[in-house]
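Structure record follows, encoded as structure tokens.
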Amino acid sequence: MQWQDQAIILGVKRLGETSVIAEVMTRDRGRHMGLVRSGRSRAMQPVLQAGNLVEVTWRARLHEHLGEFRMEPVRLRAARLMETATAVYGVQAMGALLRLLPERDPHPHLYDALNVILENLQNPMDAGELFVRFELAVLNDLGFGLDLTECAATGVRDDLAFVSPKTGRAVCRAAGLPWADKMLALPPFLAAGAIEAADGESLASAFRLTGFFLHRHVYEPRGIEIAAARDGFIQAALKALNAALETPQERSAVAAKR
């Protein structure tokens, strides 16, 4: 059996003296593993870095076998991704999220989203917001998607301010205020139709929102902990965003979107 596709490197594990087992995310075949012979060579080590985009050919005698990868570089961005803490932690945290999905299960929209986010992880104004939306997409693919389009109590689509921790559905301010202490805050930039950008406070609130549902529906039932890289990314993303918003130009850009 054989197939060819573009893939994003998620990580590698050493196998023997010269080879590695590579883990990649493909568009049409999902997260996939394969043996890379001479993967620890000087020529292949720069290629097999997390975040790089490669052209991969997979061969195996049977579909269920591990198989062997042959790889050619397409876009080597790992060196750039190592320049900031946001990017370093972001690559690791998104890889951990994708490992929650079954191996070889296609999720083309997650592949496309990952490719876009990897190009923007160094942008402090975009990295955190893109990551939160990636977490929401993973939750949705796992069967625990949030409905942030309309109020669960009234059906209105305006002034959505809360999320029910029981149902994962949005609630408008008027309907939710009597139970505000039991609700999760809905950051304005995540509400349906929102045009404003995230600031430090709303981004932190968004991380709490996705973290709550990831813990409740995914990590706790499986008896595992949220990846430490997520905490590292949150701290780095909030620090970078707050620093960027200290400049007059960025403050004006954010204000214009409100």
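The values are calculated or read from the model by the stated rules, or taken from the named source; none is laboratory data. None of the values given here were measured: they were computed from a predicted structure. All Cβ positions, even for glycine, are placed from backbone atoms using ideal geometry, and neighbour counts span all protein chains on display. Remember, those area values only see protein heavy atoms, side chains included, never the ligands or the DNA or RNA. Shrake-Rupley method; radii C 1.70, N 1.55, O 1.52, S 1.80 Å.
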Residue 203 versus (1) touching a residue at least 60 places away in the same chain (Cβ under 8 Å); (2) open to solvent by 10 Å² or more (accessible area, probe 1.4 Å); (3) part of a helix (DSSP H, G or I): which is the lone unmet condition?
-> (2)
Check 68, 72, 103 and return the single one that is surrounded by 14 or more Cβ atoms within 10 Å (Cβ to Cβ) and among the acidic types (Asp, Glu).
-> 68
Tell me which residues, restricted to segment 223-233, are part of a helix (DSSP H, G or I) and touching a residue at least 40 places away in the same chain (Cβ under 8 Å).
-> 229, 230, 232, 233
Being open to solvent by 70 Å² or more (accessible area, probe 1.4 Å) and either at positive phi or not in a loop (DSSP other than H, G, I, E, B) (or both) is the filter here, so list the residues in segment 75-100 that pass it.
-> 75, 79, 89, 92
Checking residue 170 against (1) part of a helix (DSSP H, G or I); (2) open to solvent by less than 50 Å² (accessible area, probe 1.4 Å); (3) within 26 Å of residue 109 (Cα to Cα), the condition it does not meet | (1)
Yes or no: residue 46 modelled with pLDDT under 95 and either out of contact with any helix residue (DSSP H, G or I) (no Cβ under 6 Å at 6 or more places or on another chain) or open to solvent by 40 Å² or more (accessible area, probe 1.4 Å) (or both)?
-> no
Tell me which residues, restricted to segment 138-164, are open to solvent by 30 Å² or more (accessible area, probe 1.4 Å) and either under 30 Å from residue 91 (Cβ atoms) or not in a loop (DSSP other than H, G, I, E, B) (or both).
-> 140, 141, 142, 143, 144, 145, 146, 147
